[in-house]
Amino acid sequence: MQKKSNHMGRCRSALRTCAWALLLTVAGAGAAQAQIQTAAMARYEQECAACHIAYPPGMLPQASWAHLLQGLNRHFGVDASLDAATQQEIGGWLQQHAGSFRHVREAPPQDRISKSAWFVNQHDEVSAAVFKRKAVGGASQCAACHPNAAKGRFSEREVRIPK
């Protein structure tokens, strides 16, 4: 038990260090760059969250985001076309913030987050019947079970699976 406690303490300390490093990096960035990034993120949320949550960019690799943006006129059966300037702004932001972690490097089948290996692994205890429930609406409807999904929070402690 002592070992686990020490491990958790080190993890918390590392997280605090990373959080401070991130804050210092953002604070040290030029104000104009920060303003551009904030505007691009707001535009992404405005355009994409009109139909679904604005998925955190780290959930897909750069190749998937590029492919999705190239096919917005047929985005999963919907025409989600954007004007060239908006598409470029959002595309640049998505590329900069795309997933680069070990579990996100490969583009999932059909560029679907719900078909990525890490997603399938994280949801392996959820039956196909749960995703088919009307109150859930499918694997792509994160907010059905993750009440803070729109804020980018997917903690298992906060999961509430609708009946």
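The values are calculated or read from the model by the stated rules, or taken from the named source; none is laboratory data. None of the values given here were measured: they were computed from a predicted structure. Counting neighbours? That spans all protein chains shown, and the Cβs are built from the backbone with ideal geometry, glycine included.
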Next on the checklist: So in the stretch 90-125, with the set limited to residues that are loosely packed, with under 13 Cβ neighbours inside 10 Å and among the polar types (S, T, N, Q), which one is farthest from residue 40 (Cα to Cα)?
Outcome noted: 121
Checklist entry - Out of (1) in the same structural domain as residue 50 (by TED's automatic domain parsing); (2) without any contact (Cβ under 8 Å) to a residue 12 or more places away in the chain; (3) under 17 Å from residue 55 (Cβ atoms), what's the single condition that is false for residue 83? => result (3)
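For the stretch 132-145, what are the residues that are part of a helix (DSSP H, G or I) and either small (Gly, Ala, Ser) or more than 23 Å from residue 50 (Cβ to Cβ) (or both)?
Those that are part of a helix (DSSP H, G or I) and either small (Gly, Ala, Ser) or more than 23 Å from residue 50 (Cβ to Cβ) (or both): 132, 143, 144.
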Item to check | the stretch 55-75: number of residues that are free of Cβ contacts under 8 Å to residues at least 24 places away in the same chain and closer than 23 Å to residue 150 by Cβ | outcome: 2
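Can you tell me which residue in the stretch 51-65 is surrounded by the most Cβ atoms within 10 Å (Cβ to Cβ), limited to those that are farther than 18 Å from residue 92 by Cβ and more than 10 Å from the chain's Cα centre (by Cα)?
The selected residue is 52.
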Checklist entry - So which residues in the stretch 126-163 are within 18 Å of residue 76 (Cβ to Cβ) and among the β-branched types (Val, Ile, Thr), if there are any at all? => result 136
